[in-house]
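**Q** Please read through the structure below; I'll follow up with questions.
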Amino acid sequence: MTTAPIEAPKTTAPVVASVRDLRVHFKTKAGIVQAVDGVDFDVRDGETLGLVGETGCGKSVTARSFLRLVPMPPGIAVSGSIMFRPRMRCSSCDGAGCSICGNTGRVVSICPACSGAGCDTCEQTGAETVDLLTVPERELRAIRGNRIAMIFQDPGKALNPALTIGKQVAEVFYAHRSDELLTSAGIDPASESLQNYVLRRRASQESRTPENLVLSLPPLRTRRNAISAAADAMVAAALNETQIPNPRAVMDRYPHELSGGMKQRVMIAQALACDPDLLIADEPTTALDVTVQARIIELINELQERHKTAVVYISHDLSLVRKVADRTAVMYAGRIVEVGESDQIFHDPEHPYTRGLIDAIPGASHERGRLAAIEGTVPELIDPEPSCRFSGRCAYAEQVCRSEDPQLEPIDHRQVACFIHHPPDHGVAPTFARTEQ
Amino acid sequence: MSATSASQPAVGAANESALRVRIRRMRELAANVLANPTTLAGLVVIVGMVGMALLAPWIVEPNSPNASQMPRDWGAIAVPPGSPGHLLGTTNTGGDVLYGVIWGARTSLRLSLIVVTITVAVGVAVGSLAGFRGGRVDEVLMRIVDVFLSIPELIFALAIAAVLGPSFRNIILALAIVFWVKYARIMRAQVMHVKQNEYVDAARVIGDSNWNIYRRDVLPNSITPVVVQATLDMGNIVLVGATLSFIGLAEAGLAEWGVLVSEGQSGISGGRWWASTFPGLMVFLWALAFNLLGDGIRDVLDPKTETR
């Protein structure tokens, strides 16, 4: 790629996933908690979207909704939609990047219902669109780990202690790359013979005990081993990409024999193994030492550049999000209060909550002494009345803030949900001026 | 073995080293279990008993036509231990105590292995289904389990065996019917706990099927308490089985410890202690040894669990 064309600004890139009116409710003894309460945002191709907020504001639940991982119970209802537009390898450059695919190596896959003409299922975009909240389990499984991947907060908990690293990472290839496994094992994936049927089942981990017995007998044994060897080779390559030294040795290790940073590298290797369109990183460095954090973030960035993957980066660490995210969405009490370009949001926050958050970052320029904090606590989300969720802690709040829901509305290249910026039809509008006098 | 480098993916090499790692780990585990002297003592007794059971035909000549029946020597009734031809004496009906003790080990081994295999298989299957599926499936299965658990196990087994008629096969059946619920309970609790782990979510996220998640993530991480319980039950089942045959639910004259104790009990007041004492001692040793081993395994595999 010597003649890299001028890259389009990421904010105008096509949308990979759009979340609309996402609501997730949990049933607790005290009542129904509206953990996520009408969240809207888009994730654009190749960008990093930072999702920030305090503990319990619903950012992890939002992220988990992408892969339908919200546990039911205690979750009782997930509504709204998460429209996902899976992308395919660009046929003209075979993933290398060309002018047709905008140097991403991938193109939008055509809507099967209207062959690209634009219809209701694809919202007139002509691109294949899947609602992740309603897609059948079988199709969802084909998306999980393949088109959308996820990295968890604590790699120590996200790896099965009873399986070696090699076997765990191999799962993802068995689940999504069985044809490639067969091909590199010298077996024709299209062949219909009974032998190949069993081998094919093996390569997608669908073979059961009787089949496995047959596979362990001499005639098929060497081929079975060839499939395992092919998987091992793919695993080694994936681990190698995340700069794990001596991957073949690591593959025989169990998770408890690796350091936290290494474990997270393994998770990243597995997540990016199938070259997904969207990676959800749920506080991927929170459980790691500070010194390791920086290297993991670098690694994610580097791999994101290489794979052109969109990343939803969830964190409560604002200074981190400011560094890694192209755009940032600030969540508070189950809602998004402000979303826009990271630079803009961090330099010139418009929502009082965002302002409070940014002021609360302890910086080198601050004097020693008390740390800045937002007064008050996060409200309970059990059957809330219509109101700005932040009104109880907001220094500028007026009557209208306590009785009406502010909507997320655009102001100069971003969206803010606050009556200060788009005054209500009636009542006294809050202004920043009041306490700034 | 030389380290396999990433550049030469040999088919056998990677597998072989994984196998070596596994063997090393098993060896470490065994060493840990046996580091405890009481566990070691238990294991020694078990090895002796099982060896005796397996080698019974070579230690004492099998009775014909039916080797599991004690031979009757009507010419030597109730002779004391040390008599010629009857090392441990005979019963009131001329049954050879040594034969009963040694072939009784074979009967006990058969009983405990069959019952533990059936109960573990059924219990793990039912418990896993209930714990993994949850919801209504769980509700229905666990109510059935509750019904089984509400009846004291000995009385329940007794009732079933009595209804089915006196035979050793029915004792096996009765014990299998009674004991599986324990495993279902343990397994369900384990699965419900394990399936909340993040690695189960992580497996779901890469697109694994439910079956593969169960087989690779849930089952291996929840089986430990079942292994411990199964070891303990290898002892308990023989104890309960001996109780049932003592009461008379096995065929008369069967080479089984409970039957032998029962045959000898009438002689105790007359000073003929041997016919009951030796088989009784065997039952005691058998149960004790498996309990010691079970506790030892639990200490190593599952250090967090308190002794139940």
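Where a number appears in this text, it was derived from the coordinates with a stated rule and is not lab data. Computed from a prediction, not measured in an experiment: that's the story for all the values here. In this analysis, Cβ positions are derived from the backbone assuming ideal geometry, glycine residues included, and neighbour counts consider all displayed protein chains.
**Q** Normalise the Cα radius of gyration of region B:8-129 by 2.2 N^0.38 Å (N = residues in it) and let me know the number.
**A** With N residues counted in region B:8-129, Rg over 2.2 N^0.38 Å equals 1.64.
**Q** While we're looking at this one, here's another question. Report the antiparallel proportion of the DSSP beta bridges in chain A as a percent, rounded to a multiple of 5.
**A** 65 percent
**Q** Now, a different point. Put +1 on the Cβ of each Lys and Arg and -1 on the Cβ of each Asp and Glu in region A:163-251; which of A:Ala249, A:Ala203, A:Ala236 then has its Cα farthest toward the positive end of the dipole?
**A** A:Ala249
**Q** Need one number: % antiparallel among DSSP beta bridges in region A:276-433, to the nearest 5.
**A** 70 percent
**Q** For the protein assembly as shown, build the charge dipole from Cβ charges (+1 Lys, Arg; -1 Asp, Glu) around the Cα centre, then report which of B:Met70, A:Thr48, A:His176 sits farthest towards its positive end.
**A** In the protein assembly as shown, that residue is B:Met70.
**Q** Set the Förster distance to 51 Å, then compute FRET efficiency between A:Glu54 and A:Ile110 from the Cβ-Cβ distance, nearest 0.05.
**A** My answer for the efficiency is 0.75.
**Q** Report relative contact order for chain A in percent, whole number only (criteria: Cα-Cα under 8 Å, sequence separation at least 6).
**A** It rounds to 18 percent for chain A.
**Q** Using a Debye calculation, one point per C-alpha and no hydration shell, please list log10 I(q)/I(0) for region B:95-308 at q = 0.11, 0.15, 0.18, 0.19 Å⁻¹ in order.
**A** -0.60, -0.95, -1.20, -1.28
**Q** State the percent of C-alpha pairs, over all pairs in region B:136-184, separated by a distance greater than 12 angstrom.
**A** Of all Cα-Cα distances in region B:136-184, 62 percent exceed 12 Å.
**Q** Please report, in whole Å, how far the alpha carbons of region A:267-414 spread along each principal axis, starting with the longest.
**A** 52, 39, 33
**Q** Another question, then. Rg and Dmax in Å for region A:218-281, alpha carbons only: what are they?
**A** When restricted to the Cα atoms of region A:218-281, Rg and Dmax are 13.7, 44 Å.
**Q** Can you tell me the 0 to 90 degree angle between the C-alpha axis of helix B:37-59 and the longest principal axis of chain B, rounded to 10?
**A** Its long axis makes an angle of about 60 degrees.
**Q** Could I ask something else about it? Measure nothing but the geometry: give the 0 to 90° angle between the long axis through the Cα atoms of A:165-176 and the longest principal axis through the Cα atoms of chain A, rounded to 10°.
**A** Computed tilt is about 90 degrees.
**Q** Roughly how big is chain A's charge dipole about its Cα centre, with Cβ charges of +1 (Lys, Arg) and -1 (Asp, Glu), in debye to the nearest 20?
**A** For this selection, approximately 1680 debye.
**Q** Over all alpha-carbon pairs in region A:163-251, figure out the percentage whose distance exceeds 19 Å.
**A** Counting every Cα pair in region A:163-251, those more than 19 Å apart make up 37 percent.
**Q** Running Debye on region B:69-136 with equal point scatterers at the Cα sites and no solvent, what base-10 log of I(q)/I(0) appears at q = 0.11 Å⁻¹?
**A** For the requested q values the scattering log ratios are -0.47.
**Q** For the protein assembly as shown, take the convex hull of the Cα atoms, compute a quarter of its surface area, and give me that in nm², please.
**A** About 44.5 nm², averaged over all directions.
**Q** May I ask you to compute the full-extension gain from A:Arg306 to A:Gln195, defined as 0.36 nm times their residue separation minus their alpha-carbon distance, rounded to one decimal in nm?
**A** In short, 36.1 nm is gained.
**Q** Quick check: net charge around A:Leu217, other residues with Cβ under 15 Å of its Cβ, Lys/Arg +1 and Asp/Glu -1?
**A** +3
**Q** A further question follows. Please compare each pair in A:Lys167/A:Lys308; A:Lys59/A:Lys167; A:Lys167/A:Lys323; A:Lys167/B:Lys195; A:Lys167/B:Lys182 to a cut-off of 24 Å on the Cα-Cα distance and tell me which ones are over it.
**A** Among A:Lys167/A:Lys308; A:Lys59/A:Lys167; A:Lys167/A:Lys323; A:Lys167/B:Lys195; A:Lys167/B:Lys182, the Cα-Cα distance tops 24 Å for A:Lys167/A:Lys308; A:Lys59/A:Lys167; A:Lys167/A:Lys323; A:Lys167/B:Lys182.
**Q** At a Förster radius of 35 Å, what calculated FRET efficiency corresponds to the Cβ-Cβ distance of A:Glu375 and A:Thr134, to the nearest 0.05?
**A** Taking R0 as 35 Å, the efficiency between A:Glu375 and A:Thr134 is 0.25.
**Q** Ok, one more. How many nm is it between the label spots at B:Ser150 and B:Thr117, if each spot is 7 Å from the Cα in line with the beta carbon?
**A** Placing both labels 7 Å beyond Cα along the Cβ direction yields 3.4 nm.
**Q** Inverting the mean 1/r over all pairs of different Cα atoms, compute the Kirkwood radius of region B:136-247 and quote it in Å.
**A** Radius from the Kirkwood sum: 16.0 Å.
**Q** Which angle from 0 to 90°, rounded to the nearest 10, does the C-alpha axis of helix A:290-307 make with the longest principal axis of chain A?
**A** That works out to roughly 70 degrees.
**Q** Report, for the protein assembly as shown, the % of DSSP beta bridges that are antiparallel, rounded to 5.
**A** Just about 70 percent of them are antiparallel.
**Q** Work from the charge dipole of region B:95-308 (Cβ charges, +1 for Lys and Arg, -1 for Asp and Glu, about the Cα centre) and give the residue of B:Ile213, B:Leu232, B:Ile102 farthest towards its positive end.
**A** Value: B:Ile213.
**Q** Now a separate question. Which value in nm describes the separation of the simple spin-label points at B:Asn92 and A:Ile382, placed 7 Å from the Cα toward the beta carbon?
**A** Each label point lies 7 Å from its Cα, and together they span 7.1 nm.
**Q** With a cut-off of 8 Å between alpha carbons and a minimum separation of six or more residues, what is the relative contact order of chain B in percent?
**A** 24 percent
**Q** On the first, second and third principal axes, largest extent first, how far apart are the outermost C-alpha atoms of chain A in Å?
**A** 85, 56, 55
**Q** Can you compute the charge dipole magnitude of chain B about its Cα centre, using +1 on each Lys and Arg Cβ and -1 on each Asp and Glu Cβ, nothing else charged? Give it in debye, rounded to the nearest 20.
**A** The calculation lands at about 600 debye.
**Q** Something else now. Go ahead and estimate [θ] at 222 nm for chain B from helices alone: -39,500 (n - 2.57) per DSSP H run with n ≥ 4, summed, over the residue count, rounded to 500.
**A** -24000 deg cm²/dmol
**Q** Once you've got the GNM for chain B with C-alpha springs shorter than 10 Å, pick whichever of B:Gly82, B:Gly134, B:Gly94 has the biggest mean-square fluctuation.
**A** Of B:Gly82, B:Gly134, B:Gly94, the Gaussian network model singles out B:Gly82 as fluctuating most.
**Q** Return the single residue from A:Cys114, A:Cys90, A:Cys418 with maximal mean-square fluctuation; model: Gaussian network over chain A, springs between Cα atoms under 10 Å.
**A** Of A:Cys114, A:Cys90, A:Cys418, the most mobile in the Gaussian network model is A:Cys114.
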